Amino acid sequence: MKKFFHRFTASLVVLILVLSFAGCQMFEKPENTGGNDVPDSVVSAQSVVFKTQAKETRKELTRTEAVKMVERSVVAIEMKYESSTSYGSGVIVDIEDSIENEFYILTAHHVIANGGNITIYVPDVNTRNFTDEDYQDRFAFKGVIDNVIHTDKAVTLVGGDSESDVAVLKLNLEGTNVLPTEIVASDLPHADYSMSRGESVFAIGNPSGKLPMNVSAGIISYLDREVYLNEVGYMSLVQIDVQINHGSSGGGLFNHYGELIAITNSGNESYDGINYAIPHKATYTEVDNGFVNIASQLIGTKTASNYGYVSGRWALGIVTTQKSNSYTGGTYVELKSIVEGGNAYLSNQANPDTALKAGDIITKVIYYQGTDKKEVNIDSTASLSSAVYTMKKYLKLGDTVTIVVDRPVNNYRSEQITSQIKLEVQNIFCNTNATPSIA
């Protein structure tokens, strides 16, 4: 996939502190979650059904046996947007309850984030080592990802969450000449177990977009590494020494029981043996951004006219850029724009005397962590992203964030503005209705 998911130490030039997708940006006030065809998002993790070995007979397998068990659950993904083509991977995790011809596919959100035409290549029972020219047409399924739910396509988007970098797709075999038994011959990956440092694992992905079903092996190096990913921000991920290359994002990380333990999402281009994946359950963090919880909410909140979303998501609703200070040699963060309908926009309307404006220089973020007042100095987009990442562990919808800015008056002086942003709107990944309810 894109290089920014393989360089996790560089700073962002532009930081968009909103939840965005292919030009689709919608919000919903908490009290309106029953309107606009958006359901309550309190969803049980049982919405996603994972399968592999029965618990009664569960046993550790050789790597060869484990690979054979799960290899056909990993698919190759091709995204075409305008004149660009990118690649990724995905994992078939569930046959939708009561609908025999539909499968769920988990992938990394950044694989599909730009939208466009999507093709999912599913390995058939006879496929073992092949290139894109060898794919059989009947096992290539197509769709479109934008702000419209295309129910007539074989591949449709269920929902996506940029904060956890998780997205869910649906593969519909209705109208094709492919049978469900031809898609997955064995049981599907399971995701209910504990992970350990040093545990042997393997990944299946599609490196370079030309090597589907590629297997790479290694160990779990660290369970809850806080990592800064370009154009994603801070995440708590599982660190692995398994090689993750371009095109393998969204693929599966498995243990030797044939269980899906993580979704691979970033590799390191500077150092060997330092790569990352999204865990099945982030029990060691304040918020569970594990893929089981996120996928459950995305599936459970999807309706006929709306993509699924994750409950309680908020964003400041500002777009910023990092600039160099020619006098000090350091950097600063300038506010580029306010997202219409977002939290900053609504707070500006409510308090015009302290409204944020394009051109303001963000110097400080103030919030409460329980009863403790926290003040964070901002001098880069990385420091702003880190502050937002931390705030999302403690602040919920209805809470308030204070932003302190310097507003240039002329070449010689500036004035300080203290503005409060109330977090009153629920971010929805993509709402297909024409008009969001933000009044």
Gyration tensor verdict on the stretch 318-422 (Cα atoms; rounded if a/c is under 1.5, prolate if a/b is larger than b/c, oblate otherwise):
oblate
Alpha-carbon centroid distance for the pair the stretch 274-327 / the stretch 351-399, whole angstrom:
18
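In what order do PHE139, PHE291 fall by count of nearby beta-carbon atoms within 10 Å, going from fewest to most?
Lowest count first: PHE139, PHE291.
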For the stretch 331-337, Karplus-derived ³J(HN,Hα) couplings (6.51, -1.76, 1.60; θ = phi - 60°; whole Hz; x for glycine and proline) come out as 10, 8, 10, 9, 7, 7, 6
Could you tell me which GluC sites (Glu not before Pro) in the stretch 279-356 are loop residues by DSSP with no more than 16 other beta carbons within 10 angstrom of their beta carbon?
GLU286, GLU340
In what sequence, highest mean first, do 64-70, 394-400, 161-167 appear when ranked by Cβ atoms within 10 angstrom?
161-167, 64-70, 394-400
Around THR363, which amide H atoms from residues at least 5 apart in sequence, or from another chain, sit under 5 Å from its own amide H, with H modelled in the peptide plane?
VAL404, VAL405, ASP406
Order the peptides 362-371, 295-304, 72-81, 248-257 from the highest to the lowest mean number of other Cβ atoms within 10 Å of their residues.
248-257, 72-81, 295-304, 362-371
Counting only other residues whose beta carbon sits under 15 Å from that of SER221, what net charge do I get with K and R as +1, D and E as -1?
-3
Collect residues whose amide H, placed 1.01 Å from N in the peptide plane, falls under 5 Å from the amide H of VAL166; neighbours closer than 5 in sequence don't count.
HIS109, ASP161
By counting other Cβ atoms within 10 Å of each Cβ, how are LYS170, LYS336 ranked from fewest to most?
LYS336, LYS170
Amide H partners (placed H, <5 Å) of LYS153, local residues excluded:
none
Residue-wise HN-Hα coupling along the stretch 147-164, computed from phi with Karplus coefficients 6.51, -1.76, 1.60 (Hz; x: Gly, Pro):
8, 10, 7, 8, 5, 8, 9, 5, 10, 10, 8, 8, x, x, 9, 5, 5, 9
In what sequence, highest mean first, do 380-392, 344-356 appear when ranked by Cβ atoms within 10 angstrom?
380-392, 344-356
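Each value in this text was obtained by applying a stated rule to the coordinates, not by laboratory testing. All figures in this text were calculated on a predicted structure; none of them were measured in a lab. Virtual Cβ from ideal backbone geometry, glycine too; neighbours counted across all protein chains shown.
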